[in-house]
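The structure appears right after this line, and notes come after that.
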Amino acid sequence: MKTFTIHWLAGLILAPVLANAAWPVIAAPAGARTETIGQQVRLNGIPMHMQRVLSSKSPGELLDFYRTELGERRAEQVLPGSYIFSQERGDHFITIRIKPLSPKLTEVLVSSSDMLEAKRAANRPLGIVLPADSVVLSDMESVDGGKRSRQLVVSNSHALESNVQQMTRELSARGYQPDGERAQPNQSSYVQLFKGEQREAQLTVVRKANTTNMVLTTILSP
């Protein structure tokens, strides 16, 4: 079973954006390599466009470039190891994170999201039954090459075994069965791969300091 790889953009300050309006276009520095992250991406139900830019320019040079690109009406924030610009543009919100990866390579993550769509997504049904009193920390969906990927990050106070039983039943009801030998939960962690017809999943559960965190990744093939 293939390794699951979903681009998790921790550290970005993300806000909502209008899917029907024209998406903002942010130029990339000359000579940079750009990668689109997902053909269709939703974070917590909100449509987003995301792009990764890799450049040989220094962080300082890229700061100057994006200051010029965004103009004067922008916000700036320094975080440990990275720098963030943000800007409202019409009904959209733009976030740019600049982070050095090595002395000769700098990464820029550019996201735009819809401030109006956030209101419609606030009370959307989750579409999956989680253990009682669970808190959804993140819900990332994307479409790449026709494959639909979703990653749910969830936290609650239930015992690890209770979470495993609940999620295994939920996955079984959706056509997923353990791939290979069923993993045996211990007191602190559990990892299990699942397969079904044109579908795959990975469930990771970690218990620490009276809190259980779960990451459920599902992939549906066309």
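The values are calculated or read from the model by the stated rules, or taken from the named source; none is laboratory data. Being a predicted model, the structure only gives us computed values, none of them experimental. So basically every Cβ, Gly included, is an ideal-geometry build from the backbone, and we count neighbours across all protein chains shown.
Points to keep in mind about this one:
- Restricting Val53, Val41 to those that are touching a strand residue (DSSP E or B) at 6+ places or on another chain (Cβ under 8 Å), at pLDDT 75 or above and under 23 Å from Val215 (Cα atoms) reduces the list to Val41.
- Residue, nearest to Leu54 (Cα to Cα), within the stretch 106-121, restricted to residues that are in a strand (DSSP E or B) and modelled with pLDDT under 85: Ser113
- Only one of the numbered conditions (1) at pLDDT below 75; (2) touching a Phe, Trp or Tyr at 6+ places or on another chain (Cβ under 7 Å) is violated by Asn20, and that is (2).
- Within the stretch 90-112, tally of residues that are crowded, with 20+ Cβ neighbours inside 10 Å and more than 24 Å from Pro47 (Cα to Cα): 1
- Within the stretch 139-165, considering residues that are in a strand (DSSP E or B) and within 15 Å of Thr212 (Cα to Cα), the one modelled with the highest pLDDT: Asn156
- Test: residue in the stretch 55-68 that is in contact with a Leu (Cβ under 8 Å, 6 or more places away or on another chain) and farther than 30 Å from Leu203 by Cβ: yes
- Annotation note: of Lys99, Lys57, the sole residue that is assigned to a strand (DSSP E or B), charged (D, E, K, R) and in contact with a Ser or Thr (Cβ under 7 Å, 6 or more places away or on another chain) is Lys99.
- Within this structure, Ile128 fails the test of being in a strand (DSSP E or B), in contact (Cβ under 8 Å) with a residue 40 or more places away in the chain and of a type outside the set (Gly, Ala, Ser).
- Hey, Val136 in contact with a helix residue (DSSP H, G or I) (Cβ under 6 Å, 6 or more places away or on another chain), exposed (fewer than 15 other Cβ atoms within 10 Å of the Cβ) and in contact (Cβ under 8 Å) with a residue 12 or more places away in the chain or not: no
- Matching residues, the stretch 61-89, being small (Gly, Ala, Ser) and surrounded by 12 or more Cβ atoms within 10 Å (Cβ to Cβ): Ala75, Ser82, Ser86
- Of all residues in the stretch 166-207, those being small (Gly, Ala, Ser), crowded, with 18+ Cβ neighbours inside 10 Å and either outside any strand (DSSP E or B) or in contact (Cβ under 8 Å) with a residue 40 or more places away in the chain (or both) number 0.
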